[in-house]
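Only one structure is covered here, and it is reproduced in the block below.
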Amino acid sequence: MKQKLLNSPMIYAFGMLAMMIPSQAFSSFYTYYYVDKLGLSIGLATLARTIFLIWDAVNQPMFGYWSDRTKTKYGRRRPWIFIASPLFVLAFILVFSPPSNMSDTGLFTWFLVALIFYEAMATIIWVNYGALFPELFKGDRIRTKASAIQQGYQILAILIGTALTPILFEALGFSNMAIIYSIVFLVLMLLFLKFIKEDEEASSGPQLKLKEAFKETLKNKPFWLVNISNSFAQTVNGLLSATIPFYAKYVLHIPEAQNTILFAAVFVSVIPLVGVWYWMLRKMDPVKGWRLSLIVYALAVISFWFGSNLTSGIIAGIIVGFGLAGFLVSPPMVTSRIIDQDLAKTGSRREGIYTAVSGFIVRSSGLISALAFLIVGMIFGYESGDNPGPDPESTFRYLISVVPLILLFISIIISLFVRVEGRTVHES
């Protein structure tokens with residue numbers, strides 16, 4: 001039984017489930033919590049995220065480089081995940097546990113420090129977790145299967161992190177919600193670490209020095225195009241999650257407790273739709289399948305414009321779920337093929353650097369999302385929950401439909417220039 005579980009797609013997906021539950025609760029509600037609940041201005045929130053991005057620009061690639069060059073009897077990636085996990089838990093709890101009655105400056109400082117700490121620990125875990133994917137699964141067929149299972153777990157985690165979170169913080173408060181999710185994270189991550197064993201050959205190969213490693217990565221044109229395209233689409237993922245609580249309040253005019261129903265409409269529908277996309281993508285070239293998912297996603301977000309009550313919001317959420325499912329499954333297959341081609345060219349396995357640089361490019365979407373909030377808020381006069389302005393409904397109708405459509409259109413245009421030839425190594 002243990003041998004069957006070892007390095008299986010199902011066990012690998014446990015790591016996704018572990019990370020995504022608190023990560024989704026964080027991304028969906030931390031802006032809402034600090035801006036609408038605690039009264040931090042959008043301007044200060046945007047400033048904090050900009051400072052974080054500067055820090056993130058340094059730590060992402062370095063963590064990837066160090067991970068690639070780590071050599072222990074436990075592997076390259078697992079020790080990093082093991083060490084970072086308890087620190088991640090601490091950071092997550094601190095984000096949702098600011099002292100009461102803080103001044104604006106104090107609240108901004110707490111928010112900034114907690115955000116930097118949280119993102120640093122999350123970066124270590126995500127870089128090392130993502131780097132394991134092309135190492136453990138070789139060939140388009142097994143990667144498609146592993147990606148579909150992984151994203152199925154991700155959707156389950158997103159559903160928990162979004163639909164259950166309002167219930168928990170309504171009943172127990174934000175801090176206790178964070179503690180509960182932290183316990184769940186630790187249990188699931190320990191199961192993941194127990195049954196994942198790294199490929200010894202992967203760490204025994206030659207490693208490029210820092211300058212050469214980054215030089216080879218930076219001049220890989222398909223890698224850059226894929227990840228820049230993904231960054232715009234990923235912005236939509238984060239923007240939708242962060243905007244739905246505002247959309248529910250100001251556009252659909254439903255009670256806060258019904259946020260759970262609205263989130264469930266999006267993410268419950270994604271679970272079976274991941275299976276539909278798996279069936280479609282396994283018959284397609286990975287790049288073409290990825291490009292198709294972007295087009296479907298762009299068409300789907302239009303439906304949010306027509307929401308006016310809970311029922312229409314649920315219908316729009318299900319439509320968007322189909323587009324989201326495709327985008328969740330397809331990118332790992334394209335990125336893994338690019339990494340395989342780099343291995344064939346350089347003879348060096350550098351999943352850590354590629355995952356880190358990819359993560360930085362894609363996670364720069366956080367700044368795009370923050371700027372979108374700021375610009376649209378300024379246009380319609382929304383500042384915070386204490387001062388929503390004269391037309392908060394238009395603010396969040398545009399943020400959840402028009403802005404995502406523009407971002408996905410840009411993503412599609414960039415994807416048209418991507419060419420990844422050949423087949424993966426060790427094709428099965």
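The values are calculated or read from the model by the stated rules, or taken from the named source; none is laboratory data. This one's a predicted model, so the numbers in the text were calculated from it and none came from an experiment. Quick reminder, even Gly has a Cβ in these numbers, built from the backbone with ideal geometry, and neighbours come from all protein chains shown. Only protein heavy atoms, including side chains, enter the accessible area calculation; ligands, DNA and RNA are left aside. Shrake-Rupley method; radii C 1.70, N 1.55, O 1.52, S 1.80 Å.
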Notebook entry, point to check: At a probe radius of 1.4 Å, what is the per-residue accessible area of residue 419, in Å² to the nearest 10?
Noted result: 140
Next item on the list: Between residue 83 and residue 179, with labels modelled 7 Å along Cα→Cβ, what's the label distance in nm to one decimal, could you check?
Entry: 2.9
Check: Which helices count as membrane-span-like in the chain under these terms: full DSSP H, at least 24 Å along the axis by C-alpha, Kyte-Doolittle mean of 1.0 or more?
Finding: 78-95, 104-136, 174-195, 259-281, 310-329
Margin query: Multiplying the sequence separation of residue 410 and residue 62 by 0.36 nm and subtracting their Cα-Cα distance, what value in nm do you get?
Written below: 122.4 nm
Next item on the list: Equivalent ellipsoid semi-axes for the stretch 28-141, as square roots of 5 times the alpha carbon gyration tensor eigenvalues: give them largest first, rounded to whole Å.
Entry: 33, 14, 13
Next item on the list: Determine the principal axes of the Cα atoms in the stretch 97-141, then give the extent along each, sorted from largest to smallest and rounded to whole angstroms.
Entry: 55, 14, 12
Check: Only one of the listed values, (1) 68, 44, 43; (2) 126, 54, 38; (3) 60, 44, 42, was derived from the coordinates as Cα extents along the principal axes in Å; which label is it?
Finding: (3)
Checklist line | Computed E for residue 103/residue 378 - FRET, C-beta separation, R0 30 angstrom, nearest 0.05 | finding: 0.80
Margin query: Could you check the spin-label model distance between residue 264 and residue 318? Points 7 Å from the Cα along Cα→Cβ, value in nm.
Written below: 1.4
Next item on the list: Starting from the residue with the highest accessible area, list 123, 70 in decreasing order, probe 1.4 Å.
Entry: 70, 123
Next item on the list: Compute the label zone of residue 253 within the stretch 302-337: residues whose backbone N is under 19 Å from the point 7 Å along Cα-to-Cβ.
Entry: 304-316
Check: Label residue 6 and residue 417 with points 7 Å out from Cα along Cα→Cβ: what is the distance between them in nm?
Finding: 4.6
